[in-house]
Amino acid sequence: MNALELHNLTKQYDGFSLGPVNLTLPSGCIMGFIGENGAGKSTTIKLILNLIRRDGGEISILGQTLSSRNPALKEQIGVVMDESSFPDNLSLKNVDLILKNCYQTWSSERFFRYCNKFDIPEKKVIREYSRGMKMKLSIAVALSHNSRLLILDEATSGLDPVVRDEILDVFLEFIQDERNSIFISSHIISDLEKICDYITFIHKGQILLCEEKDVLLEQYAIAHCTKEQFSALAADAVIGARQNTFGVDALVLRHKIPRDIASDPASLEEIMLYYVKEHQI
Amino acid sequence: MIGLFLKDVINLKQQAKIFLVIAVLFIGISILQQDNSFFAMYMVVFTILVSTTAFAYDDKAKWDRYALTMPVSGRDIVLSKYLLVFVFTVLAFLLTFLLAFSMTHAFHESLTECLTISLASLALSSIILPVFFKFGVEKGRIVMMAIVLAPSFLSLLLSNLNFSAPAPAILSKLEIVAPFAVILILVLSVFLSIRIYKKKEF
């Protein structure tokens, strides 16, 4: 079963149009959703969560449709927004008490275990939390009910590298259970490179890539060539290029370039940057 | 919905302490002056402040867009706010009634007076809540001020126009009709808020 399927999802705003977005996240996998600020990541996530109305298309979560008539499905979705969503005056105990009365599958034991693990202070109220603590609280909450799909919107941005690493480990642990899946948006691509199985790349509301990470990394390379070599390359081999004093660096399809051209593996970050450059021309 | 209601009550706990201190102050003034209208006014303001504060905290934390991803519906979120206002109105009613009764020992009079105030307060909340759901608390506050000030302007206007007070017979009929009118306004307000909320995007 697929954890998440989007078919021809569209949303129209003044000056911005999203889609059609198509993507499939199989169960047991992590999909990274990358793109610049304003590319449409948050809009897509809000559409998935039914926080805004779609103009067209289909959304299927764990094989079901999200609606207020389907509270059981919401139990299985753990959501982490880009900001902590809990009001200022609450303590951990308060959060536990409130959410116990919101989620039927809430586990206080699990919640406090994660809070402990994340070093979230028990005595303070949320107002006094740092951004990192708030993020960790949201993640602890998302993991403390019967979540099968985690949906995270910029959950790791604004955190220091140590905390980010800690959280990525928790995600990897979560995904050990094959029924679980994660859909995570971020512009910190190195994080996603570490943990994701699939990468979806969105640019100006359009999906440019939706591919297995390993396939992506294998397919693409950064070629370092002279201007003459570059102009000899087949047009469909080059995704994007950058001129420098020595010649041209180009993101290329690895199997479509001659063997005598020097090339390095392309990182996800490079793939994204070159793609965007290409599409700006 | 219980969870949502708890969230507001717990979150307002600190605020409530300050309200209580002021309440004690007003009770003191009322007893000294042998007039509890101060306190009654304060109670109306108090119930409105409760809902304003609750909305303000929610807005600040962007709580709603998270809450909607939980197994609760927009309807639950709206109803929990009305429950909050209702509970605090009842609390305010009990307090004002106790104070009025202990000062005057006139059961029927105190009851009528306090009920009238509570009903007015409920009617006011019924108008304000849909505004908050529609515009959020920041813009809603301006509309709220207008609504709160409107009756005084109206009475000023009416007295300037030499509008005579209605006859006692009409007033006594009003006394019977008013509770039903307020309940009607409240019910309409709930439905309106739910409609507004369902159309909202986050």
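Quick look at the values:
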| item | result |
| --- | --- |
| Summed buried accessible surface, chains B and A, 1.4 Å probe, nearest 100 Å² | 2800 |
| Extreme residue, positive dipole direction of the protein assembly as shown, given options B:Leu98, B:Tyr82, A:Ile61 (C-beta unit charges) | B:Leu98 |
| When each of A:Lys11/B:Lys62; B:Lys17/B:Lys134; B:Lys13/B:Lys198; A:Lys124/B:Lys200; A:Lys124/B:Lys62 is checked by Cα-Cα distance, pairs over 26 Å | B:Lys17/B:Lys134; B:Lys13/B:Lys198; A:Lys124/B:Lys200 |
| Charge dipole (debye, nearest 20) of the stretch A:70-152; +1 at Cβ of Lys and Arg, -1 at Cβ of Asp and Glu | 140 |
| Within a Gaussian network of chain B (alpha carbon springs, distance under 10 Å), most fluctuating of B:Arg75, B:Arg141, B:Arg65 | B:Arg65 |
| Solvent exposure, largest accessible area first (probe 1.4 Å, DNA, RNA and ligands not counted), of A:Tyr13, A:Tyr198 | A:Tyr13, A:Tyr198 |
| Chain B - convex hull of the alpha-carbon atoms, volume per residue in Å³ | 136 |
| Proximal aspartates and glutamates relative to A:Lys117, as straight alpha-carbon distance under 13 Å, when same-chain residues fewer than 8 apart are discounted | A:Glu109, A:Glu166, A:Asp169 |
| Relative packing of A:163-169, A:148-154, which averages over residues the other C-beta atoms within 10 Å, highest first | A:148-154, A:163-169 |
| Among B:Thr96, B:Thr53, B:Thr69, residue whose mean-square fluctuation peaks in a GNM of chain B (springs only between Cα atoms under 10 Å) | B:Thr69 |
| Peptides ranked, highest mean first, by Cβ atoms within 10 Å: ranges A:33-42, A:61-70 | A:33-42, A:61-70 |
| D_trans [Stokes-Einstein, Kirkwood Rh over alpha-carbon pairs] for the protein assembly as shown, 20 °C, 1.002 mPa s, µm² s⁻¹ | 82 |
| Charge dipole (debye, nearest 20) of the protein assembly as shown; +1 at Cβ of Lys and Arg, -1 at Cβ of Asp and Glu | 1420 |
| GNM flexibility winner over chain B from B:Leu157, B:Leu124, B:Leu68 (Cα, springs under 10 Å) | B:Leu157 |
| Of the DSSP H helices in chain B, those whose Cα atoms cover at least 27 Å axially and whose Kyte score averages 1.0 or more | B:13-33, B:37-61, B:74-104, B:107-160, B:168-199 |
| The protein assembly as shown - percent of accessible surface contributed by carbon and sulfur, probe 1.4 Å | 61 |
| At least 10 Å² accessible surface lost relative to isolated chain, residues of the stretch B:59-83 (1.4 Å probe) | B:Lys60, B:Ala61, B:Lys62, B:Trp63, B:Arg65, B:Tyr66, B:Leu68, B:Thr69, B:Met70, B:Pro71, B:Val72, B:Ser73 |
| Part-to-part distance (alpha-carbon centres) for the stretch B:25-50 and the stretch A:1-75, which is given in Å | 52 |
| In nm, spacing of pseudo-spin labels at B:Val90 and A:Asn116 (7 Å Cα→C-beta vector) | 3.9 |
| Reduction of at least 10 Å² in accessible surface, 1.4 Å probe, comparing all protein chains with the chain by itself, residues of the stretch A:86-100 | A:Phe86, A:Pro87, A:Asp88, A:Asn89, A:Leu90, A:Asn94, A:Leu97, A:Ile98, A:Leu99 |
| Accessible surface, the stretch B:2-199, averaged per residue in Å² (probe 1.4 Å) | 55 |
| Amide proton proximity set for A:Val79, modelled H, under 5 Å, gap of 5+ | A:Ile151 |
| B:Leu156 versus A:Asp160: modelled label distance in nm, points set 7 Å from Cα along the beta carbon direction | 5.7 |
| Chain A - accessible surface per residue (Å², probe 1.4 Å) | 44 |
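The values are calculated or read from the model by the stated rules, or taken from the named source; none is laboratory data. All figures in this text were calculated on a predicted structure; none of them were measured in a lab. Virtual Cβ from ideal backbone geometry, glycine too; neighbours counted across all protein chains shown. Please note that ligands, DNA and RNA were not included when accessible areas were found on the heavy atoms of the full protein model with its side chains. Shrake-Rupley method; radii C 1.70, N 1.55, O 1.52, S 1.80 Å.
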